[in-house]
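Here's the structure we're looking at; comments come further down.
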Amino acid sequence: MRQSILFTNTLKESPKDEQSKNAELLIRGGFINKEMAGVYSYLPLGLRVLNKINNIIREEMNNIGGQEVHLTVLQNPELWKQTNRWSDEIIDNWFKTSLKNGTELGMGFTHEEPLTQLMKSYVHSYKDLPAYVYQIQTKFRNEKRSKSGIMRCREFLMKDLYSFSRSQEEHDKFYEKSKDAYLKIFERCGLGNNTYITFASGGVFSKYSHEFQTLTDSGEDTIFVDKTKKIAVNKEVYTDEVLTSLGLDKKELVEEKAVEVGNIFTLGTKYSEPLGLKFTDENGKENSVIMGSYGIGPGRLMGTVAEIFNDESGLLWPEAVAPFAVHLVSLCKDEADIKKADDIYNNLIAEGVEVLYDDRIDASAGAKFADSDLIGIPKRIIVSTKTLAEESVEVKQRNEKESVLVKIHSL
């Protein structure tokens, strides 16, 4: 990608109506655009980051047997009435709309009901189970107050996987696999060192649910962390009884602010029973399917990465999710040197390197370096008349202050 034709531009000033660091940096860097409170568009740079996060999630979900689908946003109220989740008094964040004939519809905020209904067409016998189905799809939640940039939105992407098992034992085995898969996702996205499996309320479904909480001062949750055991407890269930059941010592726990980047729940037969999702076992007995739910918000994850990986100059993307691997910055002005810089760009592309090429002629060196810092690509390669005279380029890592001279043939 040549920066001279890149669709977006960087901004010098921070947006006045944003309080969160992630929104400030992502808007200034040209990654996202705020359409209204809690609603953001992803621009070319931002979409590249988001897609890399999505692909990491896909790979890890596929590795544990997940199969991807894409369900509808528009929802039939009759289905949701069967589980008592259509009423605004029960679920207060529905977005609802109407057809021209007056028929009321919902815009999906989650998908337990529609996927359970869909599975009734494909699950009949024990031979049809287990099944693990997921999607990465737009959700709508009518939040009273949308804040924290792309970490809390009214319109957002969610990866929601649902497990369908024959027994509690079969469910529990997959549930533990999903924990490991989630930890791999956060590790690959650069958050592994400060993300903790956190025990939270399981509601009516199970003794606990499990959140994945990443430490950050901008987090909305309070958790108590045992950094040796690498687990935490959400403040909502922080009692002596819970600590005892988990084998945790209060003296070893540290209170931290954190943002929830994922969660997993045991659902049991909460949805399969009212919606009639059953299977016939080996003995001919009919049983309700045991279900689980596993969520990650890719945009929320991207916002958390931006919230944590930055400095006074801009973003510091981890390599796995950076929009490009290399930011090639040309300071060349005369035609011959520009041609050499173009050759370096084309050679890197030919070698399969993802490159953002700052080929702008009218931008000063200072402006180019400031933009490069703000965008936060891990490696910067600087081409100038001075370096070309030595058949070299300057190479600088985004998180380091000094650059080194490297021969062009060594790139």
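Just so you know, all these numbers are worked out from the coordinates, no wet-lab data involved. Given the structure is predicted, the values throughout are model-derived calculations rather than measurements. Cβ sites come from the backbone with ideal geometry, for glycine too, and all protein chains shown count toward neighbours.
Structure values in brief
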quantity	calculated
Normalised contact order of the stretch 21-85, rounded percent, pairs of Cα under 8 Å and 6 or more residues apart	16 percent
Rounded tilt (10° steps) of 298-308 against the dominant C-alpha axis of the chain	50 degrees
Spatially proximal lysines relative to K340 (Cα-Cα < 16 Å; intrachain offsets below 8 disregarded)	K386, K407
GNM result for the chain, Cα springs below 10 Å: residue of S163, S384, S98 fluctuating most strongly	S98
Convex hull of the stretch 245-294 built on C-alpha atoms - directionally averaged projected area, nm²	6.5 nm²
Most positive-pole-ward Cα, T195, S206, Q82, against dipole of the chain from beta carbon charges	Q82
Rounded to whole Å, sorted largest first: equivalent-ellipsoid semi-axes of the chain, Cα gyration tensor	45, 24, 21
Anchor K278: aspartates and glutamates whose Cα lies under 13 Å away (excluding residues fewer than 8 positions away in-chain)	D128, E286
Backbone HN-Hα couplings from phi across the stretch 94-105 [Karplus 6.51/-1.76/1.60, Hz, Gly and Pro as x]	5, 9, 10, 9, 9, 6, 5, 8, x, 5, 7, 10
Binned Cα-Cα distances of the stretch 324-410, short to long, each 5 Å bin given as a whole percent	3, 15, 28, 28, 20, 6, 0
Loop-resident sites, the stretch 299-355, for GluC sites (Glu not before Pro), counting at most 16 other Cβ within 10 Å (DSSP)	E312, E351, E354
For the stretch 324-410, with +1 on Lys and Arg beta carbons and -1 on Asp and Glu, the positive-most of V355, Q397, V329 along the dipole	Q397
Exposure proxy ranking, count of Cβ atoms within 10 Å, fewest first, for L405, L253, L79	L405, L79, L253
Neighbour-limited loop hits for GluC sites (Glu not before Pro), the stretch 231-293 (at most 10 other Cβ within 10 Å; DSSP other than H, G, I, E, B)	E282
Candidates per GluC sites (Glu not before Pro) in the stretch 28-104, loop by DSSP, up to 12 other Cβ within 10 Å	E89
Dipole in debye (nearest 20) - the chain, about Cα centre, beta carbon charges: Lys, Arg +1; Asp, Glu -1	420 debye
Residue-wise HN-Hα coupling along the stretch 318-329, computed from phi with Karplus coefficients 6.51, -1.76, 1.60 (Hz; x: Gly, Pro)	x, 4, 5, 10, 4, x, 9, 7, 9, 10, 8, 10
Residue of I381, I136, I349 that the Gaussian network model of the chain assigns the largest fluctuation, springs spanning Cα pairs under 10 Å	I349
Where Rh is the Kirkwood radius over Cα pairs, Rg/Rh for the stretch 51-104	1.16
Sorted peptide list for 146-155, 387-396, 267-276, criterion being average Cβ within 10 angstrom, highest first	146-155, 267-276, 387-396
Peptide ranges 1-12, 181-192 listed from the most packed, as the mean C-beta count within 10 angstrom indicates	181-192, 1-12
Entries of K21/K250; K12/K339; K127/K207; K227/K250; K147/K184 with Cα pairs more than 21 Å apart	K21/K250; K12/K339; K127/K207; K147/K184
